[in-house]
Every structure is written in C-alpha cells, then in structure tokens.
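Visitor: Structure below; questions to follow.
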Amino acid sequence: MRNKNISNDGKLKVGIIGCGKMGKHHMRAVVLQENAEIVAVADPFVEQRELVGLVSSNTKIYSSAEELLLEASLDVVHIVTPPETHSKLAQLALENGVHIYVEKPFTFNRSEAEAIYSLAEAEGLRVCAGHQVLFENPAILAQKCLDEIGKLIHVESYFSFRTVRRNITPVEQLIDILPHPVCLLLSFLEYSSESSIEFDTIAVSPEGEVRAMVKSGTIYGSLNVSLQGRPIESYVRLIGTNGSLFADFVRGTVIKLPGPGASAVSVVFNTYSQAFQCFWKSTKFFAGMAFKKHKSYPGLAEIIKVYYSSISDNSSFPVPSTSTISTVSLCEAIYDRLKQSELEFEENMKCELAIKAKKLLPLSSDSEVVLVTGGTGFLGGKAAQELRKVGYRVRILARNIPPFSKQLPGVEYAFADLGDSVPEVVFTGVTTIVHCAAETSGGEKEHERNTIQATKNLLNAAANTGVKHFVNISSIAVIKTSKEVGGPLDETTPLDIDNKSRGPYVWGKAKAERLADELGTKLGIRVKTIRLGPLVDFNSFTAPGRLGKEVGLLFVAVGSKKSTLSVCDVHTAAKVIRHYVADFQEVPRILNLVEATPPTREKLVCLLKKNRKELKCIWLPMFILNLASPFLKLLQRILLSGRKPIDIVAVFSTEPYNTNLATGVISKAKQGI
C-alpha cells in the first residue's frame, strides 16, 4: 500500500475535482474528518469567494484536474464531475499515485469499472465508489438485525423520486439515481449469499420507470424505481423465514417485525408494533436532524470516515470491488434497456409531433420570426404555443434542445446559452424577441450570469442583426412595496434596485429590467416590459406560497376566505404576450400584469381541491399569524444560528395593485385585438 504523501501530522491531503452542488457536499463532509484536510480543488468555473467556509484560505484552486494532479501533493482525490468523465479522471488519478473516491454513477459500463480496480490494485491504491447510502443508519442497522429474521428469502429495493432538474429527460434522471437503490439491493443479497448475482427480468419505461428481478442462490430480489410514483419513498424491505425488516431511508428508521407472525394474536400485535415504531423512531429521527450541529449529505461523512481510515490504517475497506462492479453491471443492463426504450419512444413522438403540426393554422409569413427565450419553461412554452396557434413562426432558444416528447408542434428550436455569446444565425428572419428566460435558482453569481448578462448579450446580438422589437418579461416583485410608496402599486412605482435583501431572483430581475431599458435605448431597440404577478395555471392549479402551505393531508390556508390574492394565470400571460407581439407599437411600455379582478383565497383553495381531492383545508386567520410572528422570529434566531429570520407575515401577505391598465390590456388580448 502506497501512502507516500501522508503529511507528518498524520492528516490525509485531499483534493476535490468538481465544485458543483455535490462537490460542495463533499467539502463539508471532508471538513468533518479529523484525519484529513482539503489542500486543493479543481474546477474551471469556481471562484474563491464561492468556497468561503468550505475550505481554508490556503487551499489551492486549479482550473483543471490535470493541473491539480500534476502540481498538488495529494493522498486522496474526490472525483465529483459528470459521470461520463469518471473513468478517464479515475485512471489519471491512479496513474499519479492517488487514492480515489468516485461519485455515482461510478462508470457506465462494467469494463471501465474493472479497468479502474485493476489499475488500483497494480498501483497499490484504494478505490471508493460513491455509494454513501450503504453507510446511512437504516442500512447499517438493518444489516446488524438480519440474524433476527431467520434465513433471508427476499429483498425489495424501492425508490420513488422526482426530476430535480427541468432540463434533463426522465431517462437521464434514472441513470443518475439508479446506483442508490441498486447497490442497496445487491449489498443485502451479497451479504446473505455466497452465490453470484444473476440478472433475471428487466422492464423499463422511458417515462421514468424501472422494474428488475435478480437472484443470488435461493434469495430473490426485486428492484422498483419510479419517477412518477408518489409519495417520495426510499426503502429496502427484507423478508426472512422468521420475520421482516423495513429500512426507511426517508425517515431514517428500521421497523423490525421479528418472529413468524402466523397467529391471529401476532397479526394484531405486529400491526400496532409497526405503527408505534414508525411514529416513535420517525419523531426521534426528525428531531435529531433539526438539532444536528454538523449537517452533511446523508451517509457521506460516514463513508468517507471509513474509507480514510482504511487508507491510514492499511485496513480493508468494507465495500469490496466486486460489489461496485456488480452494481455497475446491473445498472449497465438497465441503462441499455432505457436508452433503447427512449429511442423507440422518441421516434413515435417525432411522428406524432409532425401530425399535430399539420393540423395547426398555416404560417402567416415564412420570413418573419418571433424568437422566444425560455420557451421550454412554464411561461415561455405557453407563450410560444399561443403565438404559433395564431400563425406566427416561432423559434425557441434553449440551452438544451428538448426531446421530441417535450417539444411543441410547429415550433423551431435552436441552441443558445444566453449567459455566453449568442450565435447571430439564430436571429435569421427575427422581427420580435420575447425574452422569458431567467435564472430561477442559485445565488448571486448564477443570476448575474443567466439573468443580467443574458439580457445584455441578447440585446447586443439583436442590435447586430437588426431586431427592433423586444418584449422583456420581468417580475412584479422588482418594484418597491406599498409600505414604502404609501399606497397601491402601479406602473409608475419605482424599481427596487440593488436590494439584495429581497433575494437573488428579485435583485437579478430588477437589474435586468433597468439594463434592458437603458441598453435598448442606446442600441435603438424598442423595449416593452411585462412585469408578471405570481404565475399560476387555473386549469391545473398549484397553490402559490402566499396562499398557504401543505401539511400532510391538510392545506393550511392563511388569511380570510373573502380576502383576495393577486395572481396571474399563465394563459392570460400568454395571450397578453401575443397581443404585445401583434400590436407592439400600441401596447404600454410597462405593464404590471395581474388578473384584473383578483380571485378570493377561497376560490383559489377550491381550484386546488378540484385537482387534490384528498386535501382537507383549514383556515389560519392573519391576526393569529401577526400575534405569533415575534415568537416565530425568536425561534428562527435560535435554530438558524444568527441568520436573519424570515418575516412569516410578509410571506403570506399580498400587495395592493392598481389594475386599471392591466384590465384594458387583458380585455384586448382576450378579444384578439
């Protein structure tokens, strides 16, 4: 075993390749290790200020993995980059004499995984796959309790999840999360049987479903992964000849039902035992999470601790290479099925898309194009659909061209990253731009790039290609509050510029609106701005945050039933955008767009219950929230370690708006004038 780099103080010198969201989780987990320190990170896009509080000021930052491995003196490197880069980076690190931790998916195929482990063995180095779920408490406790349920005969691994990123397909999401439930399934099979794993049946759906049956000796295993099944669950059910175990990774519990449970008395007793264990253990788990001092990604700090100890002590690592290779093998077989299924599905969708396009109104002009940014999003998609419906030729700009199953019929798609340079070829034939794109998550850096800089880049490219009409979609949240201006808000209310206390989204949208107005004037582009109120879909209603919150099967609606809440229906917004394109010269330069007659909170709750019949609604009067507000702020200060508390009353309040201008514009838009 080569430990040539371990420092005199006994601490492992750690490098991190990839400083995205998961990379930062790794940094937090490494900081918790007493026998390690982060000495270098590599990421072409990371800046020192992003890593404050995660690494020390002495940590070196490199722009590439190659540079880090060549110049930094390391014991271990964590590879937290896109999966397609894992194999190359893992072999590069091993060739440089460094132990490796590789995030999941470890690799996409068995041959690459075997090559990595073979090289590690030849170099005397250790490899750890990112299967931290094996080191979460439910997995560890379930393994310890296996003897209590007799001979294991069946393992069920179930995982229902949601697509966490809008710009990836269900198949891509499945490929990303699949190693978690697969490694859990196979680990219990391998632990309980010395026989090799046999893959039996695999069934998949490109819409986000995986079913598989495997076998190890006399033990059978089933894998069920779903992006559509609800509620969100992650569990392993272990069935033995003398009882069962239910390891729940959402609630952090293991429910034990030992014994045959064959008698009537046992059946009744087990029912109450299961209910009591679920209540008590879940309560204990969630309470522990709330008051946990050092928070890290579940299982990550634990697997890193064991892995680092195996390096320092030259002891065996509890997850053998065969386990990782088996996980990669089953995942590879599922990946192949998923990709083939997706290919066939998309071919069918391509044909259906062409059929739907033929049924649309013929294009009014082959030369004049309306360019829509953010056209794959909630509003942009509806706006593009509305424009194409009346005969406009529509071109959507997107950072990721959606698959045929997600495309709109009769609409063109073109690639462009607005935060970078915008290719002028996408402006061919364009007469009007509808700018819906904006960053909706992340911090100041992301909003600076994808909202402010994107608007600047788009306007400059428009000027270079002769586009003169620009419809800028902003947010009504960018203006000052009624408390500040002393009355209802209207189109003359000033922007709230550089107020970072309102969050990066509002800060970014306000700066982008000011930029669009000033730069448009300078470049000779006429800019019209629509400030959207809280966007909802009356046809498929999801409650906005100001209406209330779901608590289990209850919806706690805040305020009185008859009080109103200013919102904007996405279909109204799409029609107004179409009206702005059609009558650009006549429409107002600025429009605060909310429904002319704001709906009552009671009406909105009725819309919610129409689609969510299982929900029961209770009403929380605003005066109670006002009375509780000081206590809630104090509680936040205690629990949030000095961070600025959230004003709960403001969260559920709505601003008063003068809707005279919006009323007229909406009326004309709905009449098609």
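Visitor: About its Cα centre, what dipole magnitude does the range 229-312 give when the only charges are +1 on Lys and Arg Cβ and -1 on Asp and Glu Cβ, stated in debye to the nearest 20?
Guide: In total the dipole reaches around 300 debye.
Visitor: Now, a different point. Can you give the relative contact order of the range 239-375 as a percent, counting alpha carbon pairs under 8 Å and 6+ residues apart?
Guide: 11
Visitor: Still on this structure, please answer the following. Around H78, which amide H atoms from residues at least 5 apart in sequence, or from another chain, sit under 5 Å from its own amide H, with H modelled in the peptide plane?
Guide: The answer is G15, I16, I17, Y101.
Visitor: Please enumerate, by chain and number, the lysines with C-alpha under 23 Å from the C-alpha of K104, excluding those fewer than 8 residues away in the same chain.
Guide: Filter leaves K13, K21, K24, K88, K295, K305, K339.
Visitor: Still on this model: Out of all DSSP beta bridges in the range 362-501, what portion is antiparallel? Express it as a percent rounded to 5.
Guide: Antiparallel: roughly 5 percent of the beta bridges in the range 362-501.
Visitor: Taking only C-alpha pairs under 8 Å that are 6+ residues apart, what is the relative contact order of the chain in percent?
Guide: Relative contact order, the chain: 9 percent.
Visitor: Here is a follow-up. Calculate the dipole size of the chain relative to its Cα centre from +1 charges on Lys and Arg beta carbons and -1 charges on Asp and Glu beta carbons; express the result in debye to the nearest 20.
Guide: Once rounded to the nearest 20, the dipole reads 2840 debye.
Visitor: I would also like to ask the following. Among T218, P258, S667, whose Cα projects farthest towards the positive end of the dipole of the chain, with charges put on the beta-carbon of Lys, Arg (+1) and Asp, Glu (-1)?
Guide: Sorting the options by dipole projection puts first S667.
Visitor: Run lengths n ≥ 4 of DSSP H only: what is the helix-derived mean residue ellipticity at 222 nm for the chain, with -39500 (n - 2.57) per run over all residues, to the nearest 500?
Guide: Computed mean residue ellipticity for the chain: -12000 deg cm²/dmol.
Visitor: At a 1.4 Å probe, what is the % contribution of carbon and sulfur to the accessible area of the chain?
Guide: In the chain, the share of accessible area belonging to carbon and sulfur is 54 percent.
Visitor: Given H placed on each backbone N at 1.01 Å, which residues far from R393 in sequence or on other chains put an amide H within less than 5 Å of it?
Guide: S364, S365, V370
Visitor: Now for a separate question. How would you classify the chain from its alpha-carbon gyration tensor, with a ≥ b ≥ c the square roots of the eigenvalues: rounded for a/c under 1.5, else prolate if a/b is greater than b/c, otherwise oblate?
Guide: Because a/c hits 1.5 or more and a/b exceeds b/c, the chain counts as prolate.
Visitor: Grab the beta carbon distance between S367 and D420, set R0 = 35 Å, and tell me the FRET efficiency rounded to 0.05.
Guide: That pair, S367 with D420, gives E of 0.80.
Visitor: While we're here: Which Cα, out of V46, S56, T81, lies furthest along the positive dipole direction of the range 40-86 (beta carbon charges, K/R +1, D/E -1)?
Guide: Toward the positive end, the furthest listed residue is S56.
Visitor: Using a Förster distance of 35 angstrom, determine the FRET efficiency expected from the C-beta separation of W280 and L634, and round it to 0.05.
Guide: 0.75
Visitor: What order, most packed first, do the peptides 233-239, 462-468 have when packing is the mean number of other Cβ atoms within 10 Å of each residue?
Guide: 233-239, 462-468
Visitor: Just reorder H86, H25 by solvent-accessible area, largest first, 1.4 Å probe, all chains present.
Guide: Largest to smallest exposure gives the sequence H25, H86.
Visitor: Grab the beta carbon distance between Q671 and E550, set R0 = 35 Å, and tell me the FRET efficiency rounded to 0.05.
Guide: 0.40
Visitor: If you average the sequence gap of Cα pairs under 8 Å that are 6 or more apart and divide by the length of the range 175-293, what percent do you get for the contact order?
Guide: Computed value for the range 175-293: 14 percent relative contact order.
Visitor: So, one more: Which value, in Å², gives the accessible area per residue of the chain when a 1.4 Å probe is used on the protein heavy atoms?
Guide: Counting only protein heavy atoms, the per-residue value for the chain is 48 Å².
Visitor: Just how large is the dipole of the range 170-253 about the Cα centre, in debye to the nearest 20, putting +1 at every Lys and Arg Cβ and -1 at every Asp and Glu Cβ?
Guide: 280
Visitor: Now for a separate question. Of the options G524, S501, Y308, report the single residue whose Cα projects farthest towards the positive end of the charge dipole of the chain (beta-carbon charges: Lys, Arg +1; Asp, Glu -1).
Guide: Among G524, S501, Y308, the one farthest towards the positive end of the dipole of the chain is S501.
Visitor: Percent antiparallel among DSSP beta bridges with both residues in the chain, to the nearest 5?
Guide: 40
Visitor: List the residues, sorted by chain then number, that are 5 or more residues from R531 or on another chain and whose placed amide H is less than 5 Å from its amide H.
Guide: S474, L591, N592, L593
The values are calculated or read from the model by the stated rules, or taken from the named source; none is laboratory data. Remember, it's a predicted structure, so these values are computed and weren't measured experimentally. Virtual Cβ from ideal backbone geometry, glycine too; neighbours counted across all protein chains shown. We work out accessible area using only protein heavy atoms, side chains counted, and drop any ligands, DNA or RNA first. Shrake-Rupley method; radii C 1.70, N 1.55, O 1.52, S 1.80 Å.
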